[in-house]
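Reading through the structure tokens given below for one structure.
What follows draws every value from the coordinates through simple rules; no lab data is involved. All figures in this text were calculated on a predicted structure; none of them were measured in a lab. No Cβ is skipped: glycine too gets one built from the backbone with ideal geometry, and neighbour counts run over all protein chains shown.
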Amino acid sequence: PLAAIDHLPPLVNFLLGAAVLGSLGYYCVWASLACRSLRLWGRVIALPGARTALLQLALGVLDIGCAAAALHALLPLESQSLDFAAFAAIYVFAALVGAISHAPGGVGVFEAVMLGAVPAPSQEAMLAALLLFRAIYYLIPFALALILLGSQEGAGRWSGLVDAFRKTAARGGGA
């Protein structure tokens, strides 16, 4: 399915994917042989070992897979006939293009790639699914985090205000 987007032969896409997977495998083997570090601009950065690197890769794949599954579930029924593995490949490609574009959150770029690559009964239905995905995956967690942060900060300031009032009242300096 990526060949329709990047206009490369399927074999080239396969070889690029194999090269990326081979590079990740090489890194994990290289990191497991000894404690590795990287020196950049006079700073030494300790690299994770193979176990940590594999765990990071697994969590990344799980995160991207869950995000792709969430969007796949929101697609119109006609678009869900697309195999999930093919859809996940399109999703990852769209996310990469969005990140490379340097648009905040890939907004607009991600949607354009998805609109062009995923078959849909109408562009409006696909755009509605993409907007709902953005709301579920980005806006709702952001709003919940904002509410939790605000309530935690507010509670801390409120208790500080109450303590200051009590100390002032205990000294007899109340108004």
Whole-Hz Karplus ³J(HN,Hα) for the stretch 39-56, in order, using 6.51 cos²θ - 1.76 cosθ + 1.60 and θ = phi - 60°, x for Gly and Pro?
10, 10, 6, x, 10, 9, 10, 6, 8, x, x, 5, 5, 5, 5, 5, 5, 4
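Rounded to the nearest 0.05, what FRET efficiency do residue 16 and residue 125 give with R0 = 35 Å and r taken as the Cβ-Cβ distance? Could you check? Write down the numbers at each step before the final one.
Numbers: r = 31 Å, r/R0 = 0.89.
According to the calculation, E is roughly 0.65.
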Which residues in the stretch 57-74 have a backbone N closer than 19 Å to a point placed 7 Å from the Cα of residue 134 along the Cα-to-Cβ line?
67-74
Mind listing which trypsin sites (Lys or Arg not before Pro) in the stretch 134-175 are in a DSSP loop and have 12 or fewer other Cβ atoms within 10 Å?
171
Taking Cα atoms only, helix 140-170 is inclined relative to the longest principal axis of the chain by an angle, in degrees rounded to 10, of 10
Once the dipole of the chain is set up with Lys and Arg at +1 and Asp and Glu at -1 on Cβ about the Cα centre, which of 132, 89, 55 lies farthest towards its positive end?
55
Could you tell me which of 68, 98, 38 has its Cα farthest along the dipole of the chain towards the positive end, charges placed at Cβ (Lys, Arg +1; Asp, Glu -1), taken about the Cα centre?
38
Give me the base-10 log of I(q)/I(0) for the stretch 22-114 at each q in 0.18 Å⁻¹, Debye formula, one uniform scatterer per Cα, rounded to two decimals.
-0.93
Using only Cα positions of the chain, each an equal point scatterer, no hydration layer, compute I(q)/I(0) via Debye at q = 0.08, 0.13, 0.14, 0.20 Å⁻¹ and quote the log10 values to two decimals.
-0.45, -0.86, -0.94, -1.31
Take the chain, connect every pair of alpha-carbon atoms lying under 10 Å apart with a spring to form a Gaussian network, then pick out the residue of 92, 44, 109 with the largest mean-square fluctuation.
44
